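Asks: A single structure is presented below for examination.
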Amino acid sequence: MNKKTDVYTLKKAFETSLPTLAGYGLMGMAFGLLMADAGFNFIWAGIMGLIIYGGTMQFVAVELLANHASLLDTAIITLLIHSRHIFYSISMIDKYKDRGKARPYLFYALTDETYALVNLPPDPQVNKAQFDLDLSIMNQCYWILGDMTGALLGSFSLFNTEGVDFAMTALFIVIFLEQLLTSDEFSPAVIGVGSALLCLIVFGPENFLLPAMLLILAGLLFVRKKLEKPPEEKNRD
Amino acid sequence: MIDQTHSILIILVISVITILLRVGPAWLFPPDKPTPKVLVYLSKVMPMAVIGMLIVYCFRNTQFFSFPYGLPELIGALVTVVSFLLKRSTMLSILLGTVTYMYLIQVVFV
């Protein structure tokens with residue numbers, strides 16, 4: 001591949017990453033601020049952004065650190081909060097097949113937002129492998145920088161940022177729309193929203209992601225025969 | 001000092017489990033072996049379902065049955081959707097939706 005494609009790819013990846021720059025930057029700062037309040041400096045915040053790299057989990061981690069939680073409790077809570085990532089990664093096995101040395105990092109970097117963004121219909125002119133890597137690295141950099149900045153600034157704040165986390169909601173809405181507009185199959189969307197709503201009602205707002213993921217998996221496997229066009233692929237593996 | 005060691009251990013436990021969950025599947029299904037067909041199928045249908053779930057997740061704590069009846073969220077989402085359908089600009093829609101929502105919760109529905 002040539003230089004021109006690389007530069008174009010980098011530019012496109014940066015454009016795609018702008019919503020996360022805003023979202024991760026500000027959410028990361030909120031996390032850093034909590035860390036500072038709990039008595040941890042920006043190095044702690046930055047290292048957590050580097051080796052944990054998960055919004056909800058890091059917010060919960062502040063509580064665990066402040067309360068000197070046991071390692072067993074920590075492990076169980078992490079499993080519960082991050083279990084959905086197993087499903088994200090499983091569904092990327094095929095797409096991230098030929099990514100060479102970047103492969104482990106690409107899987108590691110699959111946050112909710114990055115997972116959503118790398119699954120957008122790609123620009124035909126970008127080098128997709130490079131695009132995914134650029135985007136993954138940029139997103140994590142924003143997150144780490146946000147974490148560290150928040151911890152450095154402490155409670156200093158330029159303006160009232162209440163509600164800025166809606167940027168992530170808006171990001172998911174836009175990506176969802178984009179997928180609906182470019183697809184001719186809507187049952188995955190119905191299964192996803194339906195399972196999530198059902199599990200939200202049954203399990204409550206803090207514990208519904210894992211059951212929802214399982215229900216989604218079951219639902220998608222249930223409609224597999226119908227969705228896969230070639231009729232000879234009826235074997236269930 | 002014991003305190004700090006325990007903090008480091010907490011962070012390491014979270015990190016290791018997170019890495020296992022995210023990268024583990026990549027080790028279980030190495031790229032030199034053919035991908036099971038069911039995973040090829042899931043890679044096509046899972047993202048749309050997951051993003052639908054994440055949208056529900058974003059609204060999980062919204063109060064629809066008491067003031068302000070989820071109006072800031074609904075209006076913010078509506079602005080995002082309509083502006084995207086009109087202009088097809090991801091950045092613009094996210095910006096408009098977020099600013100609308102922030103204005104609504106900070107100024108209108110206080």
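We did not get these values from a lab; they are worked out from the coordinates using the rules stated. Predicted, not measured: the structure shown is a model, and the values here were computed from it. Quick reminder, even Gly has a Cβ in these numbers, built from the backbone with ideal geometry, and neighbours come from all protein chains shown.
Asks: Quick one: helix A:187-203 against the long Cα principal axis of chain A, what's the angle to the nearest 10°, folded into 0 to 90?
Replies: Roughly 50 degrees between the two axes.
Asks: Before rounding to the nearest 500, sum -39500 (n - 2.57) across all DSSP H runs of length at least 4 in the protein assembly as shown and divide by the residue total; then give [θ] at 222 nm in deg cm²/dmol.
Replies: -23500 deg cm²/dmol
Asks: Name the chymotrypsin sites (Phe, Trp or Tyr not before Pro) in the range A:46-147 that are in a loop by DSSP and that have at most 10 other C-beta atoms within 10 Å, would you?
Replies: none
Asks: A follow-up question, please. What list do you get for A:199, A:141 if you sort them by fewest beta carbons within 10 Å? Mind showing how you got there, number by number?
Replies: Working: A:199 22, A:141 15.
If I rank by nearby Cβ atoms, fewest first, I get A:141, A:199.
Asks: Rounding to the nearest 10 and keeping the result within 0 to 90°, find how far the Cα-based axis of helix A:42-51 lies from the longest principal axis of chain A.
Replies: 20 degrees
Asks: Assign one of three labels to chain A, namely rounded, prolate or oblate, based on the Cα gyration tensor with a ≥ b ≥ c the square roots of its eigenvalues; rounded applies when a/c is under 1.5, prolate when it is not and a/b is larger than b/c, and oblate otherwise. Let's see the in-between values first.
Replies: Working: a/c = 1.87, a/b = 1.29, b/c = 1.45.
Oblate, since a/c reaches 1.5 and b/c is not below a/b.
Asks: Around residue A:168, under 12 Å between beta carbons, what's the net of Lys plus Arg minus Asp minus Glu among the other residues?
Replies: -3
Asks: Tilt of helix B:90-103 relative to the longest C-alpha principal axis of chain B, in degrees (0 to 90, nearest 10)?
Replies: 60 degrees
Asks: Next question, about the same structure. Under a Cβ-Cβ cut-off of 15 Å, what is the net charge of the residues other than residue A:61 that fall near it, where Lys and Arg count +1 and Asp and Glu count -1?
Replies: Summing Lys/Arg as +1 and Asp/Glu as -1 gives -4.
Asks: Right, another one. Under a cut-off of 17 Å between alpha-carbon atoms, report the lysines in cross-link reach of residue A:101, not counting same-chain residues fewer than 8 places apart.
Replies: The qualifying lysines are A:128, B:33.
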